[in-house]
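Novice: After the structure tokens below, expect a handful of questions from me.
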Amino acid sequence: PIPPTILVVDDSPDVILQIDIALRSQYSIRVANSGARALALGIAPDVAAPDRLQTLGVETGTRLLLASDGLVEATDSHGRLFGVERLIRSYTAVLERQGQLEDLLDDLRYHRGQPSIDDDVLILELTL
């Protein structure tokens, strides 16, 4: 059987490598890592984004998780990042127990050790 495909959109080779290592045994990884192909989420409204349409064939029911860097770059009181690996573990746990995306924010708050979040955080899940 053909494994499900995950599209990783990031311009950081370290983040892409972490995701690839964590998921390559279960998924086919596609990467958009530069220019118009890696448009950031949560960017300032005055940042001009190039117009470009990119398509990716997916099966009905495929889930697409979009998360801004405010999530993975959030730190705890010792300066440790929430990170991509924890995001993957947390999201996988949410899927397994059929939880809500709010659970990801709860995990972020637990990681930080406080109820506030310092940076803007965008988490969006689309079921296609």
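The values are calculated or read from the model by the stated rules, or taken from the named source; none is laboratory data. Keep in mind it's a predicted model, so treat the numbers as computed, not measured. Reconstructed Cβ throughout: ideal geometry from the backbone, glycine too, with neighbour counts over all protein chains shown. SASA here: full protein model, heavy atoms, side chains in, ligands and nucleic acids out. Shrake-Rupley method; radii C 1.70, N 1.55, O 1.52, S 1.80 Å.
Novice: Please list, ordered by first then second residue, the pairs with beta carbon atoms under 9 Å, 6 or more apart or interchain, first in segment 73-90 and closer than 16 Å to Ser12 by Cα and open to solvent by 50 Å² or more (accessible area, probe 1.4 Å), second at pLDDT below 90 and part of a helix (DSSP H, G or I).
Specialist: That search, which allows pairs on different chains as well, returns Glu73/Gly83; Leu81/Val72; Glu85/Gln18; Glu85/Ile19; Glu85/Ile21; Glu85/Ala22.
Novice: Related question: Considering every residue within segment 113-128, establish whether at least one is in a helix (DSSP H, G or I), of a type outside the set (Gly, Ala, Ser) and surrounded by 14 or more Cβ atoms within 10 Å (Cβ to Cβ). Outline the logic, then answer.
Specialist: Here is the first cut: in segment 113-128, the ones in a helix (DSSP H, G or I) are none.
Checking segment 113-128: not a single residue is in a helix (DSSP H, G or I), of a type outside the set (Gly, Ala, Ser) and surrounded by 14 or more Cβ atoms within 10 Å (Cβ to Cβ).
Novice: Now a separate question. Look through Gly42, Gly70, Gly99, Gly61 and report the one residue that is outside any helix (DSSP H, G or I), open to solvent by less than 70 Å² (accessible area, probe 1.4 Å) and modelled with pLDDT of 80 or more.
Specialist: Gly99
Novice: A further question on this structure: So for segment 45-56 (the condition being surrounded by 13 or more Cβ atoms within 10 Å (Cβ to Cβ) and either modelled with pLDDT under 65 or of a type in the set (A, V, I, L, M, F, W, C) (or both)), does at least one residue qualify? Spell out the reasoning first.
Specialist: First pass over segment 45-56, keeping only residues surrounded by 13 or more Cβ atoms within 10 Å (Cβ to Cβ): none.
No - not one qualifying residue is present in segment 45-56.
Novice: Pairs under 8 Å by beta carbon, first residue modelled with pLDDT of 90 or more in segment 106-128, partner of a type in the set (A, V, I, L, M), six or more apart or different chains?
Specialist: From residues that are modelled with pLDDT of 90 or more, the pairs are Leu108/Leu71; Leu108/Ala74; Leu108/Ile117; Leu108/Val121; Arg109/Ile117; His111/Ala74; Arg112/Ala74.
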